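Participant: One structure follows; several queries about it will come next.
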Amino acid sequence: MKSQRNMNANGEEDTREIEKKIKKELGGIKTLPFILANEMSERFATVGFQGNMITYLTQVLNLPLVKASNTLTNFNGTAGFTPLIGALLADAFAGRFSTIIVGSIIYELGLVSIILSAVLPGFRPPPCPTQVDCKEATTLQLWVLYSSLLLTSLGLGGIRPCVVTFAADQLGMTKKETESRTWNFFNWYYFCLEMASLFALTFVVYVQDNVGWGWGLGIPTIAMALSVIVFVIGSPYYKKYKPQGSPLIRLAQVIVAAVRKRNAIAPADSGLLYENKELDDAISFNGRLLHTNHFK
């Protein structure tokens, strides 16, 4: 029995060593081209889609300026709230990689929907070059627009909160690891984003104003599709951590436990306090916090 237990223990240790070795081989600088290319394409598509949207709403869908402004305000507000939901889902259930993929696909569906409204005559009002007594978009045409904007907002909620943390997973962001690098990831990250935004605000807006909205929205749609493809190609090289639970849920659990045990007397020996090593291993990458009688 003892020999069998020893064999099982040795087998588990070997498995852990193999898993650690595989994790060391994954990630690293080789994943950066895929992540940065994905993020540049996504930012190019997002800025190219949103940058001139007020013109599309007023000159193509013939919406009054106030109504068009309210539509964009609601869209931006929704797009600013959905990353909170996306972050919670990524941490608690889906993981960052899956959340980015699903968010990108949903965003792509939103772009495809809005390009249909720009290309197909049935999804937009008749052209009105004079901008006088123009026929406003019908209820059905507006619902197509709202559905497209909602899909893009939901898609952004899956992309924005996960990309930077996913890149940090690949590189390692502990103090020792960041000090050993002679370059800064975030410098390159934001440089790439701003270059993509600059190109979108010049090239894509020019195409929308001078060539047509079909190509003007089609280019961001193609860029977003390419970003998904590039990101998936890099999949074999990524470190993919399992969901570790939402920090908000853990915070709520701590508050509830503290309230329920507010009258309990703590033992003098801190070793008698409840601790769960398996739970700690899943959420503590840089070591466990030691018990202390003081606040930190």
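Participant: Here are some conditions: (1) farther than 29 Å from K135 by Cα; (2) at pLDDT 80 or above. M1 meets all but one. Which one does it not meet?
Facilitator: (2)
Participant: Could we say that T99 is among the polar types (S, T, N, Q), part of a helix (DSSP H, G or I) and in contact with a Cys (Cβ under 7 Å, 6 or more places away or on another chain) here?
Facilitator: Here the answer is yes, as T99 does meet what is asked.
Participant: Scan the stretch 110-121 and report the pairs whose first residue is assigned by TED's automatic domain parsing to the domain that holds G218 and whose second residue is crowded, with 19+ Cβ neighbours inside 10 Å and of a type in the set (D, E, K, R), with Cβ atoms within less than 8 Å and a gap of 6+ or a chain change.
Facilitator: Cβ pairs passing all conditions: S117/R124; A118/R124.
For every residue, the table says whether it meets (1) among the β-branched types (V, I, T); (2) in contact with a Cys (Cβ under 7 Å, 6 or more places away or on another chain).
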site	(1), (2)
S69	no, no
A90	no, yes
L109	no, no
V119	yes, no
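Participant: Next question, about the same structure. I'd like to verify a number: residues in the stretch 247-261 that are out of contact with any Asp or Glu (no Cβ under 8 Å at 6 or more places or on another chain) and either surrounded by 11 or more Cβ atoms within 10 Å (Cβ to Cβ) or closer than 13 Å to A92 by Cβ (or both), how many?
Facilitator: Residues meeting the conditions: 7.
Participant: A further question follows. Give the residues of the stretch 42-81 that are under 21 Å from the mean Cα position of the chain (by Cα) and of a type in the set (K, R), sorted by residue number.
Facilitator: Answer for the stretch 42-81, where residues must be under 21 Å from the mean Cα position of the chain (by Cα) and of a type in the set (K, R): just R43.
Participant: Determine if the stretch 224-236 includes at least one residue that is at pLDDT below 80 and not in a helix (DSSP H, G or I).
Facilitator: No: the stretch 224-236 contains no residue that is at pLDDT below 80 and not in a helix (DSSP H, G or I).
Participant: Which members of the stretch 99-116 meet the condition of being closer than 20 Å to C162 by Cα and of a type outside the set (S, T, N, Q)?
Facilitator: Selection gives I100, I101, V102, G103, I105, I106, Y107, E108, L109, G110.
Participant: If a residue must be within 30 Å of N184 (Cβ to Cβ) and touching a Ser or Thr at 6+ places or on another chain (Cβ under 7 Å), how many such residues does the stretch 50-79 contain?
Facilitator: 1
Participant: How do the pairs read when you match residues in the stretch 254-266 that are at pLDDT 80 or above with residues anywhere that are surrounded by fewer than 10 Cβ atoms within 10 Å (Cβ to Cβ), using Cβ under 9 Å and keeping only pairs 6 or more apart or on different chains?
Facilitator: Partner pairs satisfying both residue conditions: none exist.
The values are calculated or read from the model by the stated rules, or taken from the named source; none is laboratory data. Just so you know, these numbers come straight off a predicted model, no measurement behind them. We place every Cβ from the backbone using ideal geometry, glycine too, and count neighbours over all the protein chains shown.
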